[in-house]
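*Asks:* I have a structure here, written as structure tokens, and I will follow up with some questions on it.
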Amino acid sequence: IEDVQTAAGNMDIVTTLESAVESWEKAIAVCLETQLKKTPVGNGPLAEIDFWRERSSALSAVCEQLELPMVKKMLQVLKVAEVSVLSSFEHNRIELNKFYTEAKDNVRFLSTLERHFKNLAHGSTF
């Protein structure tokens, strides 16, 4: 897509981009649903750290794809074309970012404690 205005005026392009955004929306919803159903495997703080790392990694992959320049340009075209599919897509994108930020923050916090948790879990004496 070279020119956003020109692309927004071409209904074939807009329809194709709408289909792409609808499939992304479904993929984001499935990813979120899958991640929100998961629970830590095992007991204790180390299992909790692994859980949040896995969630952060999975959600990060999706967030990074949505930040690609081509994706941003496609969304700009749809915004200029004023299509209705963008509002529900943006809602799912906001939810994705919310859960990704939560996972990332939890990993950052729990990682500072990981060494101590490992000493407690694997240490033979104090």
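The values are calculated or read from the model by the stated rules, or taken from the named source; none is laboratory data. Quick caveat: nothing in here was measured; it's all calculated off a predicted structure. We place every Cβ from the backbone using ideal geometry, glycine too, and count neighbours over all the protein chains shown. Surface accessibility is based on the protein's heavy atoms, side chains included, excluding ligands, DNA and RNA. Shrake-Rupley method; radii C 1.70, N 1.55, O 1.52, S 1.80 Å.
*Asks:* It is to be established whether one or more residues within segment 88-96 are at pLDDT 95 or above, of a type in the set (Val, Ile, Thr) and either in contact with a Lys or Arg (Cβ under 6 Å, 6 or more places away or on another chain) or open to solvent by 80 Å² or more (accessible area, probe 1.4 Å) (or both).
*Replies:* Checked segment 88-96: at least one residue is at pLDDT 95 or above, of a type in the set (Val, Ile, Thr) and either in contact with a Lys or Arg (Cβ under 6 Å, 6 or more places away or on another chain) or open to solvent by 80 Å² or more (accessible area, probe 1.4 Å) (or both).
*Asks:* Same structure, new question: Would you be able to say whether some residue in segment 19-26 is buried (at least 18 other Cβ atoms within 10 Å of the Cβ) and among the small types (Gly, Ala, Ser)?
*Replies:* no
*Asks:* Could you tell me whether Val85 is within 21 Å of Glu33 (Cβ to Cβ) and at pLDDT below 95?
*Replies:* Here the answer is yes, as Val85 does meet what is asked.
*Asks:* Please state which of the following conditions Ala103 fails to meet, knowing it meets all the rest: (1) closer than 30 Å to Gly123 by Cβ; (2) among the hydrophobic types (A, V, I, L, M, F, W, C); (3) open to solvent by 60 Å² or more (accessible area, probe 1.4 Å).
*Replies:* For Ala103, the failing item is (3).
*Asks:* Counting just the residues of segment 36-61 that are modelled with pLDDT of 95 or more and in contact with a Leu (Cβ under 8 Å, 6 or more places away or on another chain), which one comes out surrounded by the most Cβ atoms within 10 Å (Cβ to Cβ)?
*Replies:* Leu59
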